[in-house]
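A short write-up of the structure that comes next.
The values are calculated or read from the model by the stated rules, or taken from the named source; none is laboratory data. This structure is a prediction, so every number in the text was calculated from the model and none was measured. Every residue, glycine as well, gets a Cβ built from its backbone with ideal geometry; the counts of neighbours run over all protein chains shown. Note: areas computed on protein heavy atoms with side chains; ligands, DNA, RNA excluded. Shrake-Rupley method; radii C 1.70, N 1.55, O 1.52, S 1.80 Å.
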Amino acid sequence: QVQLVESGGGLVQAGGSLRLSCVFSGRTFSDYAMGWFRQVPGKEREYVASISWSGGHRNIADSVKGRFTISRDNAENTGYLQMNSLKPEDTAVYYCAADSSYPAVPRKPDYWGQGTQVTVSS
């Protein structure tokens, strides 16, 4: 069974940076595309970014384009979300997700992590 564990969240001032990590286990990481989502209480979960199996294809939501970067290290079974120029509206619980189908990641990925809180103060 696939397991995803996020880390790297925390409290940061506006304009600062954080790097989230997502450790994958249970299957062969390079067989899975992965992505990041975020959710604020009372709102729907929002797609942030996705990356294909080898990292050759990446997609970033318009809301974070130019500030966030998604990457992965298949040798380390880990995916990353580098977040720069953070804004208070980026405050949310961030979730990583994985699916064997790259197109499925932004819509309905099969596997989810537990989430990590990111809080950006003004």
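Probe of 1.4 angstrom, ligands and nucleic acids ignored: what's the accessible area per residue over the chain, in square angstrom?
Values: 6230 Å² over 122 residues.
Accessible area per residue, the chain: 51 Å².
Non-local amide H neighbours of Ala61 (under 5 Å, H modeled in plane, Pro and chain starts lacking H): which ones?
Here Ala49 satisfy the definition.
For the chain, which span is the longest to avoid every loop-located (per DSSP) member of GluC sites (Glu not before Pro) having at most 16 other Cβ atoms inside 10 Å? Could you put the intermediate results ahead of the total?
Working: sites that count: Glu44, Glu76.
With a cap of 16 other Cβ atoms within 10 Å, the longest stretch comes to 77-122.
Go ahead and set up a Gaussian network model of the chain, Cα springs under 10 Å, then flag whichever of Ser100, Ser25, Ser71 fluctuates most.
Ser25
Springs between alpha-carbon pairs under 10 angstrom, Gaussian network model over the chain: which of Lys87, Lys108, Lys43 fluctuates most?
Evaluated over the chain, the most mobile residue of the options is Lys43.
With springs connecting C-alpha atoms under 10 Å apart, model the chain as a Gaussian network and identify which of Pro41, Pro103, Pro88 has the largest mean-square fluctuation.
With Cα springs under 10 Å in the chain, the top fluctuation among Pro41, Pro103, Pro88 is at Pro41.
Quick query: amide H of Gly115 versus all other amide H atoms, modeled in the peptide plane; which residues come in under 5 Å with a sequence gap of 5 or more or a different chain?
Glu6, Cys96
Calculate the translational D of the stretch 75-122 in whole µm² s⁻¹ from Stokes-Einstein, where the hydrodynamic radius comes from the Kirkwood formula applied to all Cα pairs, the temperature is 20 °C and the viscosity 1.002 mPa s.
Estimated diffusion coefficient is 171 µm²/s.
Quick one: 3J(HN,Hα) in Hz for the stretch 25-36, Karplus 6.51/-1.76/1.60 with θ = phi - 60°, rounded, Gly and Pro as x.
With the stated coefficients, the stretch 25-36 comes to 8, x, 9, 7, 4, 5, 8, 10, 7, 9, x, 10 Hz.
In whole Hz, with x marking every Gly and Pro, tabulate ³J(HN,Hα) for the stretch 106-119 from phi via Karplus 6.51 cos²θ - 1.76 cosθ + 1.60, θ = phi - 60°.
x, 9, 8, x, 6, 10, 9, x, 8, x, 9, 7, 10, 10
Would you mind telling me the share, in percent, of accessible area of the chain contributed by carbon and sulfur at probe 1.4 angstrom?
After summing per-atom areas, the C and S share lands at 45 percent.
List every residue whose amide H lies under 5 Å from the amide H of Gly10, counting only residues 5 or more places away in sequence or on a different chain, with H placed 1.01 Å from N in the peptide plane.
For Gly10, the qualifying residues are Val118, Thr119.
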